[in-house]
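Please read the structure below before turning to the comments.
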Amino acid sequence: MDSLTHVLVGAAIGQLCSKKPLNHRAALIGAFACTVPDFDVFLHSSTNPLFSELIHRSFSHSLIFIPFGALIISLLALLCFKSLRPAWRTVGLVSFLALASHGLLDACTAYGTQLLWPFSHLRVSWDIISIVDPVFTGILLIAVIWSWYTRKAKPACIGIILALCYLGFCVWQHQRAEQQLNQLIVKRHQIATGLRVLPQFGNIYKWDSLYIANNQIYSDIINTPLFGASSAVNGFVMPEVTRATLPTFIINTPELFSAYVTFDWFAQGYVAVVKENPYTIVDMRYLRKQKTISLWGVEFINDPAPHINKVASVDLGVKRG
């Protein structure tokens with residue numbers, strides 16, 4: 001989720017867990033704890049262009065990081081503010097719950113979160129809510145402001161309950177979109193793998209669907225209106241990239257092949273080729289502008305020296321319908 005939403009979730013948890021005298025300080029501790037995992041965006045590598053894709057939402061978002069991160073945050077808060085020491089249990093509880101909420105909430109999006117790091121590098125993606133959702137954020141914003149001014153936990157409690165109910169509604173919408181996608185595949189008489197429906201930006205009534213059939217990636221739009229039946233809008237097809245279809249120069253160059261493996265892992269297998277020279281692949285999960293432009297991709301360069309270039313806003317060269 002976006003940073004503002006994480007701040008609000010953490011603040012609401014702090015307000016819910018604290019009594020009146022500690023309300024504001026607990027909200028600030030929760031807000032800080034809930035943003036700590038995203039500090040990994042400040043880590044960089046001068047030699048690996050895909051380092052940020054490898055490191056973001058990895059160790060700092062894992063379940064095993066929660067108790068250790070909460071302990072560090074709690075100790076810092078207690079060392080810096082002596083007045084908090086009598087309420088050390090509340091400080092620890094707020095830090096733990098706020099930190100725990102971060103990775104779980106990110107897993108609700110399509111980006112992928114390594115909840116099981118270091119035991120597994122699986123990118124958990126439940127695809128039920130957009131990275132930015134104004135309704136979800138708005139509920140929490142009202143609750144946090146209300147609780148801040150009244151110094152009461154009840155508004156925060158109401159806000160968290162409503163936010164959880166909204167996530168439940170997102171799950172229902174996601175299931176509707178999945179059912180519609182399955183019907184579309186049956187209608188096309190295809191045997192498909194890798195079925196996904198991803199909410200469009202800030203929207204749980206329109207979904208980008210993806211699946212793979214006959215070495216092609218199919219991208220369609222699924223509508224799930226609040227009132228009315230679900231429907232599908234035909235999209236387009238892109239050639240799937242696999243290790244078997246890679247150009248020889250990538251397979252035979254360790255640096256380039258390693259970059260492809262990283263990109264394929266990050267994109268969760270939804271990788272399409274859009275250009276042969278330079279050989280350019282894109283992540284099919286994130287599309288914009290009539291859903292025919294990929295947010296990012298990678299160019300593989302073999303001359304004069306093997307290297308890759310990260311590129312943004314890559315035109316797929318297709319039309320929907």
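The values are calculated or read from the model by the stated rules, or taken from the named source; none is laboratory data. Computed from a predicted model, the values in this text were never measured in an experiment. Positions of Cβ are backbone-derived with ideal geometry, glycine not excepted, and every protein chain shown enters the neighbour counts.
Evaluated against (1) in a loop (DSSP other than H, G, I, E, B); (2) of a type outside the set (A, V, I, L, M, F, W, C); (3) outside the structural domain of Phe68 (by TED's automatic domain parsing), Pro118 falls short on exactly one condition, (3). Against the conditions (1) under 21 Å from the mean Cα position of the chain (by Cα); (2) assigned to a helix (DSSP H, G or I), Met1 satisfies every one except (2). When the range 40-66 is filtered for residues that are exposed (fewer than 14 other Cβ atoms within 10 Å of the Cβ) and over 18 Å from the mean Cα position of the chain (by Cα), the ones remaining, listed by number, are Leu43, His44, Ser45, Ser46, Thr47, Ile64.
For the range 275-286, a residue qualifies if it is surrounded by fewer than 21 Cβ atoms within 10 Å (Cβ to Cβ) and assigned to a strand (DSSP E or B), and the qualifying residues are Lys275, Glu276, Thr280. Screening Leu295, Leu256, Leu198 for residues that are in contact (Cβ under 8 Å) with a residue 60 or more places away in the chain and either part of a strand (DSSP E or B) or more than 28 Å from Leu4 (Cα to Cα) (or both) leaves exactly one candidate, Leu198. Checking each residue in the range 297-317 for being closer than 19 Å to Phe257 by Cβ, among the aliphatic types (A, V, I, L, M) and loosely packed, with under 12 Cβ neighbours inside 10 Å picks out only Ala305. Would you confirm whether or not the range 123-138 contains a residue that is aromatic (Phe, Trp, Tyr), under 29 Å from Leu63 (Cα atoms) and buried (at least 16 other Cβ atoms within 10 Å of the Cβ)? Scanning the range 123-138, I find at least one residue that is aromatic (Phe, Trp, Tyr), under 29 Å from Leu63 (Cα atoms) and buried (at least 16 other Cβ atoms within 10 Å of the Cβ), so the answer is yes.
Report, by residue number, each residue of the range 269-293 that is more than 27 Å from Pro306 (Cβ to Cβ), of a type outside the set (S, T, N, Q) and in contact with a Lys or Arg (Cβ under 7 Å, 6 or more places away or on another chain). Within the range 269-293, Lys291 is the sole residue that qualifies.
Do we have any residue at all in the range 79-91 that's touching a helix residue (DSSP H, G or I) at 6+ places or on another chain (Cβ under 7 Å), in the same structural domain as Leu16 (by TED's automatic domain parsing), within 21 Å of Ser3 (Cβ to Cβ) and surrounded by fewer than 21 Cβ atoms within 10 Å (Cβ to Cβ)?
Scanning the range 79-91, I find no residue that is touching a helix residue (DSSP H, G or I) at 6+ places or on another chain (Cβ under 7 Å), in the same structural domain as Leu16 (by TED's automatic domain parsing), within 21 Å of Ser3 (Cβ to Cβ) and surrounded by fewer than 21 Cβ atoms within 10 Å (Cβ to Cβ), so the answer is no.
Once the range 226-271 is narrowed to residues that are small (Gly, Ala, Ser) and more than 20 Å from Asn302 (Cβ to Cβ), the residue that is surrounded by the most Cβ atoms within 10 Å (Cβ to Cβ) is Ala267.
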